[in-house]
Amino acid sequence: MAGASKAVADSRANLPFVYRQYSAEQLKQVLYKMYLIRRFEEGAEESYTRGLIHGTMHLSIGQEASAMGICMPLGEDDQITSTHRGHGHCIAKGAEVKRMFAEFFGKTTGYCKGRGGSMHIADVAKGNLGANGIVGGGIPIAVGAALSSKMMKTGKVVVSFFGDGANNEGAFHEALNMAAVWKLPVIFVCENNGYGMSTSTARSTAVKNIADRAAAYSMPGVIVNGNIFSEVAEASYKAVERARAGEGPTLIESKTYRHRGHSKSDRNRYRTKEEIEDWMSNRDPITLFENELREFGFIDDKGIEAIREAVAREIADGIEFAKTSPSPDVSETGNYVYTEQA
Amino acid sequence: MDAMVRELSYAQAIQEAMAIAMDMDERVFLMGEDIGVYGGAFQVTGDLVERYGTDRVLDTPISELGGAGVAVGAAVTGMRPIFEFQFSDFATLAMEQIVNQAAKMRFMLGGEVSVPVVMRFPAGSGTGAAAQHSQSLEAWLGHVPGLKVIQPATPYDAKGMLLAAVADPDPVMIFEHKLLYKAKGPVPEGYYTVPIGKADIRREGRDLTIVATSIMVQKALDAAATLEAEGIDVEVVDLRTIRPMDKQTVIDSVKKTSRLMCVYEAVKTLGIGAEVSAMIAESEAFDYLDAPIVRLGGAETPIPYNPELEKATVPQVPDIITAARDLVKGVR
């Protein structure tokens, strides 16, 4: 991705990382995508409430800066594994919302042709190897993808997203250890939103910071404010550089918060209204990024309004696309269990 | 010209197949615990590390879950891993990756990926390794759509089916009975495959069909030789693949012999014998049956340490002879 020119970079010398590294156009695109994630999830939630989507879903509203920041330095060939709370990762890695909506609506035009739904949303062409319904399930798979990168010398970097809950799964520990032993180009990104379903990290996790666990696997452990896009993107950029240089993995702990409950069954009995209100009012990642962009002169109110309108149109078009797409035929239930061979 | 045929052990046949696969395709690599300089717990990988190096014969930490996941991730992204479990019992540590990920990934992603991973499981009792190193868990994995599960019974099949597994775009689980590793048999040089999903009639007969798996195939053949002297003509069907099962070969055999016995080492209840029996009961072969179906399977216990108890836990040749004789003579 072409970044800011030298002259522009000099004029931004005292600004945070992303404002030195990326062009105004790129940064506005980030804001666009953060809104796209937010509105996509709001649209999915509304469609669920109206009975257009069944099952359940796990919303990442409030975690948009984390998804966008981590994916910012990745190229299209780089790969990610994602989680049950993976809509933001999918959009950040380049997916089209219309095909995501179509998947949620169970349609053939969806990314998984209606077989996966929210919890298995993927976009393999753009490097998203898939969300995962099993906590920690994607972490060893990401290490395997990184092993492929090393063996095939493709130069690809792999990011494994997971939540704070996953850091107490055995898969996390086994995967981090192997990645470190083999110096693989993989970045472990723990989006710590404070709760594994209802259980707080304080009650579930023996270390204060999940990044502290990096020491056990001889890799850098980096803590960032996951609601500040620039902080996340800078940490990701450094980890990607390290991975591409063959120096091995990094564990990034992105401290953030989900505004919504764990899933649609959540009665929110484990956190206070005040706590939620505080995160929504004072630490919303979109508001924080928007304020910085405005303050540093990258965008004005008119520009922000234009982005919001464009996002609203893309969301409305996406939902319409999903609604009008065909459903799979029941006779095709057995498809894709095995690879069809000529 | 036919390839040169030699006598190789089952373990040598597998090793040769892996070497051929690596020679033919640079995407193929081996991973597992102590498969490098140690040569594998059963010396199946042997000295392959000297020929192919530590990158392609990759020792993993003792991390079955993580290792299985790494194999799945590598397979999805273009490699062709062959992952050795040190003992099939350790599949229990990796069930998440095998059952939730490897088996379902293609389906969940609407056909956007394939998972061409091969996993090898040294299985079965008879080595005095007791309850946690002697199980036969193939039916567990046979229950999962998305997996293919095979149990080669001869060196010839071990090589040909492994090469078929490596060429297969989907996850193939190979259960290798540990007592077979030293069994010898004719194996052609070079590349050949034995198809997955095709049973083999190892002995033709008129009076009784024995459907056997893995090491029970040889035991059934030994029993059949004794029964022949008594005038009982046994047909032995080596199932070879338990998912997808070759139903037609079994149905045709039962229609010919009118009697069915299933012999397998795994715990009898809810096992392969139940599946084969039910499949026949649902098929046109049901009308041909002259006697109730008999299952000979493992005892409803963990595998014991004591050698006499251990033997008593799984079907032996005399058990098969007695059961077959009773079945043919109508003794209940």
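The values are calculated or read from the model by the stated rules, or taken from the named source; none is laboratory data. What you see is a predicted model; the values in this text were computed from it and never measured. Every residue, glycine as well, gets a Cβ built from its backbone with ideal geometry; the counts of neighbours run over all protein chains shown. In case anyone asks, the SASA skips ligands and DNA or RNA and just uses the protein heavy atoms, side chains included. Shrake-Rupley method; radii C 1.70, N 1.55, O 1.52, S 1.80 Å.
Could you tell me whether the protein assembly as shown comes out rounded, prolate or oblate from its Cα gyration tensor? Rule is a ≥ b ≥ c as square roots of the eigenvalues, rounded for a/c under 1.5, then prolate if a/b exceeds b/c, otherwise oblate.
prolate
I'd like the distance between the alpha-carbon centres of the range A:132-154 and the range A:32-48, rounded to an integer number of Å.
Each part's Cα centre sits 28 Å from the other's.
Over the range B:8-188, how many pairs of lysines fall under 19 Å by alpha carbon, counting only those 8 or more apart in sequence or from different chains?
Close lysine pairs under the 19 Å cut-off: 5.
Just by accessible area at a 1.4 angstrom probe, what is the order of A:K183, A:K208 from largest to smallest?
A:K208, A:K183
Give the average, rounded to an integer, of partner chain Cβ atoms located within 10 angstrom of each Cβ in A:51-61.
So the per-residue partner count for this stretch is 0.
Which shape class applies to the range B:8-188: rounded if a/c is under 1.5, otherwise prolate when a/b exceeds b/c and oblate if not, where a ≥ b ≥ c are the square roots of the Cα gyration tensor eigenvalues?
The shape class here is rounded.
Using amide H atoms built 1.01 Å from N in the peptide plane, name the residues 5+ places from B:R203, or on other chains, whose amide H lies under 5 Å from its own.
B:V236
Using only Cα atoms, locate the centre of the range B:237-273 and the centre of the range A:196-272, then give the distance between them in Å, rounded to an integer.
The two parts, judged by their Cα centres, are 51 Å apart.
Run the 1.4 Å probe and let me know the accessible area of B:I62, rounded to the nearest 10 Å².
130 Å²
I need the phi-derived Karplus couplings for the range A:64-79: 6.51 cos²θ - 1.76 cosθ + 1.60, θ = phi - 60°, integer Hz, Gly and Pro marked x.
5, 5, 5, 4, 5, x, 5, 7, 3, x, 7, x, 5, 6, 5, 10
Once the Cα gyration tensor of chain B is diagonalised, what are the square roots of 5 times its eigenvalues, in whole Å and ordered largest first, as equivalent ellipsoid semi-axes?
Three semi-axes, in Å: 33, 21, 20.
Averaged across A:134-143, how many Cβ atoms of other chains sit within 10 Å of each residue's Cβ atom?
6
Show me the ranking of peptides B:146-152, B:55-61 by mean Cβ neighbours inside 10 Å, starting with the highest.
Answer by packing, highest mean first, reads B:146-152, B:55-61.
Show which lysines lie in cross-link reach of A:K264 when reach means a straight Cα distance below 21 angstrom and same-chain residues fewer than eight apart are skipped.
Cross-link targets: A:K273.
Name the shape class, rounded, prolate or oblate, that the alpha-carbon gyration tensor gives for chain A, where a ≥ b ≥ c are the square roots of its eigenvalues, rounded holds for a/c under 1.5, and otherwise prolate holds if a/b is larger than b/c and oblate otherwise.
Note, shape of chain A comes out rounded.
Whole Å is fine, so just give me how far the alpha carbon centre of the range A:87-106 lies from that of the range B:140-155.
The two parts, judged by their Cα centres, are 35 Å apart.
Please report the antiparallel percentage of the DSSP beta bridges confined to chain A, to the nearest 5.
10 percent
How compact and how long is the range A:87-199, expressed as Rg and Dmax of its alpha-carbon atoms in Å?
In Å, with Rg to one decimal and Dmax whole: 14.8, 43.
Give the accessible area for B:E50 in Å² (nearest 10); use a 1.4 Å probe, count only protein heavy atoms, and leave out ligands, DNA and RNA.
About 150 Å², rounded to the nearest 10.
Size of the range B:123-248 along its principal axes in angstrom, Cα-based, largest extent first?
Cα spread of the range B:123-248 along its principal axes, largest to smallest: 46, 35, 32 Å.
Which cross-chain or sequence-distant (5 or more) residues have an amide H under 5 Å from the amide H of B:M31, H modelled 1.01 Å from N in plane?
B:L58, B:I82, B:F83, B:E84
Hey, what do the phi angles of the range B:319-324 turn into as Karplus ³J(HN,Hα) couplings, whole Hz, using 6.51/-1.76/1.60 and θ = phi - 60°, x for Gly and Pro?
Per residue, the Karplus-derived 3J(HN,Hα) values read 4, 5, 4, 4, 5, 5 Hz.
Per residue of B:109-121, how many C-beta atoms from partner chains lie within 10 Å of its own C-beta, taken as a mean?
Mean shielding by partner chains, rounded to a whole number: 5.
Could you derive backbone 3J(HN,Hα) for the range B:19-32 from the dihedral phi with the Karplus parameters 6.51, -1.76 and 1.60 (θ = phi - 60°), listing whole Hz in sequence and x where the residue is Gly or Pro?
For the range B:19-32, the Karplus-derived couplings read 5, 4, 4, 6, 5, 7, 9, 5, 6, 7, 8, 10, 9, x Hz, x marking Gly and Pro.
Students often check this: by mean Cβ neighbours within 10 Å, which of B:216-224, B:65-73 ranks highest, and how do the rest follow?
Most protected by this proxy first, the peptides run B:65-73, B:216-224.
Which order do peptides A:17-30, A:61-74 fall in by mean Cβ count within 10 Å, highest first?
Averaged packing, sorted descending, gives the order A:61-74, A:17-30.
In square angstrom, rounded to the nearest 10, how much accessible surface does A:E275 have for a 1.4 Å probe?
Ignoring ligands and nucleic acids, A:E275 comes out at about 50 Å².
Considering only DSSP beta bridges where both residues belong to the range B:182-241, give the percentage that are antiparallel (nearest 5).
If we restrict to bridges inside the range B:182-241, about 40 percent are antiparallel.
Wrap a convex hull around the Cα atoms of the range B:200-326, take a quarter of its surface area, and give that in square nanometres.
Its average projected convex-hull area is 7.3 nm².
Which sequence of B:F286, B:F42, A:F172 reflects their accessible areas, 1.4 Å probe, from the largest down?
So the residues, ranked largest to smallest area, are B:F286, B:F42, A:F172.
Consider just the alpha-carbon atoms of the range A:146-240 and return their Rg together with their Dmax, both in angstrom.
Final numbers for Rg and Dmax: 13.8, 42 Å.
Looking at the protein assembly as shown only, what percent of DSSP beta bridges run antiparallel? Nearest 5 please.
20 percent
Using only the alpha carbons of the range B:92-138, what is the convex hull's orientation-averaged projected area in square nanometres?
One quarter of the hull surface, i.e. the mean projection, equals 3.7 nm².
Keeping all protein chains in place and using 1.4 angstrom, which order do A:D78, B:D207 fall into by accessible surface area, from largest down?
Ranked from most to least accessible, the order is B:D207, A:D78.
Using amide H atoms built 1.01 Å from N in the peptide plane, name the residues 5+ places from B:A266, or on other chains, whose amide H lies under 5 Å from its own.
Amide H neighbours of B:A266: B:G298.
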